[in-house]
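A short worksheet on the structure shown next.
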Amino acid sequence: MNPASVLPAMPGAAPVPGLASAWRWSPNPMFTFTAALSTDGRHNLQVNVRGRYDEVLVTALLAHARAHDDTFVGQGRPRVAVGGFHHDGTRFDTVGVAVPEVHGYHATENPELSAVTYAVFPAWASEISGGENEEEAWGRFRKMLRPNRLDRTEVPFVKMRYDNTRTQSMSQGDARGFAPLDTLVRELELLDGAPGSFVEWENRNGAVRRVNSTDDGLELTHDTGREPVNPGQLEAVARTSVQ
């Protein structure tokens, strides 16, 4: 597979101004694809955009990914966060990268191209642990992040489990599962006045926190110990903990 010959031959492909060895094409009015060769010329770095397209932002994402492609090409990690990204007018601070088994780009029409393609997308450091297995990375990429939207909002890495004696709501099993940050905040807010309940969660760095509801109030457990916590503090605790 030689992506340098395949990519410019895509229907309607045109060179990307200001970025060498990069091409843009649009298979339909809803989607715009932009691809750039990796430093070694043997891999495809690709940004897929649904809806509003920003050529300057996409070019910046690909340039940043290419400049640091030694951190992910051939490294075997399903998803990687390439930090140090900044682009005026956006809050993104990271370029996310996903492997073929996670993104599935070109998998049907050109499996050989798919095998050498890395999905590149705008991201935040809070979203990617770098330690996800393939199944976890697949679920996050395809079901939670909306990586093909340039106007998307931040989706921090949160794995949680909980049990509420008052609402009779609980997670399934003993393992922590992925959840939106808003779900974590809601379940924490429901702990007050529900003795015997708990919420336990993990961030991208593997740090685990837990809030227990007791007859005496709420108790927060973290890596440095335990402390009482007020109901009004819980949202701030949750949001700060996953950054």
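The values are calculated or read from the model by the stated rules, or taken from the named source; none is laboratory data. Everything numeric here is computed off the predicted structure, so don't read it as measured data. Cβ sites come from the backbone with ideal geometry, for glycine too, and all protein chains shown count toward neighbours. The area values use the complete protein model at the heavy-atom level, side chains included, leaving out ligands, DNA and RNA. Shrake-Rupley method; radii C 1.70, N 1.55, O 1.52, S 1.80 Å.
Miscellaneous remarks
- Residue within the stretch 19-27 that is in a strand (DSSP E or B) and among the small types (G, A, S) present: yes
- Looking across the stretch 214-243, the residues that are of a type in the set (S, T, Y) and at pLDDT 95 or above come down to T214, T221, T240, S241.
- Subset of the stretch 201-238 [farther than 20 Å from R166 by Cα, touching a helix residue (DSSP H, G or I) at 6+ places or on another chain (Cβ under 7 Å) and open to solvent by 40 Å² or more (accessible area, probe 1.4 Å)]: R204, R209
- If you go through the stretch 48-81 and keep only what is within 19 Å of A4 (Cα to Cα), open to solvent by 40 Å² or more (accessible area, probe 1.4 Å) and either touching a Cys at 6+ places or on another chain (Cβ under 7 Å) or part of a loop (DSSP other than H, G, I, E, B) (or both), you end up with just G74.
- Cβ-Cβ contacts under 7 Å between residues 6 or more apart (or on different chains), taken from a first residue in the stretch 190-202 that is more than 15 Å from N230 (Cα to Cα) to a second residue that is of a type in the set (V, I, T) and open to solvent by less than 30 Å² (accessible area, probe 1.4 Å), are listed as W201/V158.
- From the list E187, E154, the one residue that fits, being closer than 30 Å to M30 by Cα and either of a type in the set (V, I, T) or outside any strand (DSSP E or B) (or both), is E154.
- Residue match in the stretch 116-123 (condition: open to solvent by less than 40 Å² (accessible area, probe 1.4 Å), within 18 Å of F85 (Cα to Cα) and assigned to a loop (DSSP other than H, G, I, E, B)): no
- Of the residues making up the stretch 82-100, those that are within 15 Å of the chain's Cα centre (by Cα) and open to solvent by 50 Å² or more (accessible area, probe 1.4 Å) number 2.
Residues are listed down the side, and each one gets a yes or a no for (1) surrounded by 15 or more Cβ atoms within 10 Å (Cβ to Cβ); (2) modelled with pLDDT under 95:
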site: V6; (1), (2): yes, no
site: A14; (1), (2): no, no
site: P17; (1), (2): no, no
site: W23; (1), (2): yes, no
site: P27; (1), (2): no, yes
site: F33; (1), (2): yes, no
site: A36; (1), (2): yes, no
site: R42; (1), (2): no, no
site: Q46; (1), (2): yes, no
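- Of all the residues in the stretch 190-200, those that are assigned to a strand (DSSP E or B) and touching a helix residue (DSSP H, G or I) at 6+ places or on another chain (Cβ under 9 Å) number 1.
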